[in-house]
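Scroll down for the structure; my scribbles are underneath it.
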Amino acid sequence: PEFLDRTDGGLSVAVGDGDSVLWNTYVTGTQTVVDDTDLDDRSPLFDDDVPGGLLVPIGNHGVFVLLAPPSAIDDETRQFVETLVATTEAAFDRLESESTLRDRDAELEARNSRLRRQIQITEIIRGIDRSLIGADGRSEIERTVPERLLEADSISFAWIGALDASGTSLEPRAWAGTEPEYLDTLSLDLEAGSDEPALRTIRSETPTVVGNVVEGLKQEPWRRSALDAGFQSVVSVPIAFEEYGYGVLTVYADEPDAFGDLERTVFAELGEGIANAITAAKTREALHAEALVELSLELEADDDILARIAAETGAAVVYEGLGTHSGSETVLFFETNDVPSDDVASVLDDLVSVTAFRLVTESDGTCLFEATVSGNVLASRLVRHGASPRSIRANGTTVDITVDVPTTTDVREFVEMLEDHYASVELQSRRHVQRTTHTRQELVTSLFDDLTDRQLEVLRTAYLAGFFEWPRESTGEEIADMLEVTQPTVNRHLRIGQQRLLEQLFEDDSFLLAEGL
């Protein structure tokens, strides 16, 4: 009680207080015996009644103070105090170690929990990517993704939205999870000023992550609705392929900070994967559908390879087809008319984007070239966005194209996609067309289904390169070089591909009868 009276219930010393005997004892880690009543110490510990004492540091934990007259501090007393302090220091160290261990265990458990969640989400997304391959159409893709995401323990709700026909409001297209009524509470008008993550993403075309819904609760009304639904954190990513957007995917978790940098990345990749799947489905739809929309457009595309060749040589350049192509390179076949092949070769030599080319055949002023082009070309861009080119013809810097697109295609968005890449795009005509008879379509579909992507690629490249002409315009070795594989590999794929095509042709009697063969 006397000690508490002297310290008014507590004693503190300012860090770095060099005039304090307590501070000096703590810093130096050495015992201090106070036996001078005139000692200038700022603490109220020592005075005329208690002129001295013993101060012993307790490691990094503090200082043990024994208030006693100097004459009472003998060797036995000091030894007892040292033993007591050592025991106290050991106890403090043990408590500190146990506390540190508990903190580390808690941190490790949190990390393991987060790692398990990341692994689970990553595996689910990989499964989604696999399930999207060959999906029948956009509706199936959009329905599948939210449903599969709900397999993750921490995810409570997911939905996909896209701009409406006016382009001014976000429209839910598919959703899954608890509290779907949440969507009814939202104003999804882009001009309404709401900062709901889906709206932020559709405006910025970049991912949005909200780590804790509670923060900013009073400033943003959507947070109250989300919190009422049990949502604690949110990630929203664009569903976009190049500049062609299909909407946004927004996912809600029932715990804060569920979406870190890794989750942001994998969900952004999922958004791209969804867009790719939708584009692939649209492309298949264009190939298989009988009812299509035919678009005729005129482009100012002075940076496209066909337009560059036409402008430099004065020739009309006609697209013949695509060989193998990837995100970085495209093998393009095209014809030129009424211009020497050497002139075309000279232009190709000067184009940095052309990494390789060759003259396939030349006859009566018509030359067929094969060129490997780095980056995007007009034809591959059209195909990747679900269009089937019927003709592409370049005259100078002007390119006239005719393409088939599925009837579900948003023509306005398709044209805007082209406008993002070319100086001028004019839609000259738009009409509904029918493909050939259903029996032929069934055969074509069956043929494509029986061939692997690699077999189809080899057959297409060989056909466009004149491998099946007589005499051959390209050898098997040249086809192998185009595809960067060995000639035996090409021969095997050609033999298998031709066998399957012939099996379909001669075993399908209904097709032969329908065609009058």
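The values are calculated or read from the model by the stated rules, or taken from the named source; none is laboratory data. The structure presented is a predicted model; accordingly, all values stated were derived computationally and were not measured. Every residue, glycine among them, receives a Cβ derived from its backbone with ideal geometry; neighbour counts consider all protein chains shown.
What the table shows:
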{"quantity": "Filter result for T330 (without any contact (Cβ under 8 Å) to a residue 40 or more places away in the chain and either in the same structural domain as I274 (by TED's automatic domain parsing) or not aromatic (F, W, Y) (or both))", "calculated": "no"}
{"quantity": "Residue in the range 130-139 that is touching a helix residue (DSSP H, G or I) at 6+ places or on another chain (Cβ under 8 Å), small (G, A, S), within 30 Å of S225 (Cα to Cα) and crowded, with 18+ Cβ neighbours inside 10 Å present", "calculated": "no"}
{"quantity": "Pair list, Cβ < 8 Å and 6+ apart or interchain, from the range 49-74 residues that are of a type in the set (D, E) to residues that are crowded, with 18+ Cβ neighbours inside 10 Å", "calculated": "none"}
{"quantity": "Among the residues listed as V344, V354, the single one being under 32 Å from the mean Cα position of the chain (by Cα) and either more than 20 Å from E294 (Cβ to Cβ) or touching a residue at least 60 places away in the same chain (Cβ under 8 Å) (or both)", "calculated": "V354"}
{"quantity": "Any chance F231 is part of a loop (DSSP other than H, G, I, E, B) and within 33 Å of the chain's Cα centre (by Cα)", "calculated": "yes"}
{"quantity": "Whichever residue in the range 336-365 is among the polar types (S, T, N, Q) and in contact with an Asp or Glu (Cβ under 6 Å, 6 or more places away or on another chain) and, among such residues, is nearest to L299 (Cα to Cα)", "calculated": "S341"}
{"quantity": "Unmet criterion (only one of (1) at pLDDT below 90; (2) under 29 Å from E419 (Cα atoms)) for V248", "calculated": "(1)"}
{"quantity": "Residue within the range 348-361 that is over 20 Å from E469 (Cα atoms) and among the small types (G, A, S) present", "calculated": "yes"}
{"quantity": "Which numbered condition K282 misses (of (1) among the charged types (D, E, K, R); (2) out of contact with any Gly (no Cβ under 9 Å at 6 or more places or on another chain); (3) crowded, with 17+ Cβ neighbours inside 10 Å)", "calculated": "(2)"}
{"quantity": "Residue in the range 148-170 that is of a type in the set (D, E, K, R), touching a residue at least 40 places away in the same chain (Cβ under 8 Å) and surrounded by fewer than 19 Cβ atoms within 10 Å (Cβ to Cβ) present", "calculated": "no"}
{"quantity": "Residues being of a type in the set (D, E, K, R), farther than 13 Å from T461 by Cα and modelled with pLDDT of 85 or more - total across the range 481-509", "calculated": "2"}
{"quantity": "Per-region count, the range 198-227, residues surrounded by fewer than 22 Cβ atoms within 10 Å (Cβ to Cβ), of a type outside the set (S, T, N, Q) and either without any contact (Cβ under 8 Å) to a residue 24 or more places away in the chain or within 15 Å of D257 (Cβ to Cβ) (or both)", "calculated": "11"}
{"quantity": "Unique match (being in a helix (DSSP H, G or I), crowded, with 17+ Cβ neighbours inside 10 Å, of a type in the set (A, V, I, L, M) and modelled with pLDDT under 85) among L456, L443", "calculated": "L443"}
{"quantity": "Of all residues making up the range 298-321, the number that are crowded, with 21+ Cβ neighbours inside 10 Å and touching a strand residue (DSSP E or B) at 6+ places or on another chain (Cβ under 8 Å)", "calculated": "11"}
{"quantity": "Residue in the range 159-168 that is of a type in the set (D, E) and either closer than 16 Å to I278 by Cβ or touching a Cys at 6+ places or on another chain (Cβ under 7 Å) (or both) present", "calculated": "no"}
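Here is a yes/no grid of residues against (1) of a type in the set (A, V, I, L, M); (2) out of contact with any helix residue (DSSP H, G or I) (no Cβ under 8 Å at 6 or more places or on another chain):
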| residue | (1), (2) |
| --- | --- |
| F259 | no, no |
| A275 | yes, yes |
| L295 | yes, no |
| Y319 | no, no |
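Table: residues versus (1) assigned by TED's automatic domain parsing to the domain that holds D195; (2) under 29 Å from E151 (Cβ atoms).
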residue	(1), (2)
G216	yes, no
S225	yes, yes
A229	yes, yes
V251	yes, yes
E263	yes, yes
F267	yes, yes
A277	yes, yes
I305	no, no
T313	no, no
